[in-house]
Amino acid sequence: MLAVVLGIGSIVISADAQKGSLRSQLLANEGKTFRGTDDPEFVSYDLVLRDFVSKRIQKRYGETFDPKNFSGFELLEIEAFLKCKKPNEPVEPYLEKFRKLR
């Protein structure tokens, strides 16, 4: 199984890239190909993705997810569901698929 990290968008790397921000760590993996989910570089990428997306969900939607309980791609899927939610709708029906510990 090969995994390819596509660009997360055209982002100009600013001064925070030099500080080692999560965004710059994600961008460092842009375009890389991994041998599979056991590839040490993929594992490192997934850990950064988990932290980045869980913090973004917390900031945008006020929902907290433990990045240790979800893969980076599960968190991206959760974020996509939350984007579809209307402001007055409860969040639980959207997250029913993800019954892991939050």
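Readers should treat all values here as calculations from the given coordinates under stated rules, not as data from a laboratory. Here the structure is a predicted model, which means the values were calculated and not measured. Glycine also receives a Cβ, built like all others from the backbone with ideal geometry; neighbour counts cover every protein chain displayed.
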Arrange Ile57, Ile78 by Cβ neighbour counts within 10 Å, fewest through most, would you?
-> Ile57, Ile78
Sort Val48, Val43, Val91 so that the residue with the fewest other Cβ atoms within 10 Å of its own Cβ comes first and the one with the most comes last.
-> Val43, Val91, Val48
Once Tyr61 and Asp38 are pulled to full extension, the length gained, defined as 0.36 nm per residue separation minus their Cα-Cα distance, is 5.2 nm
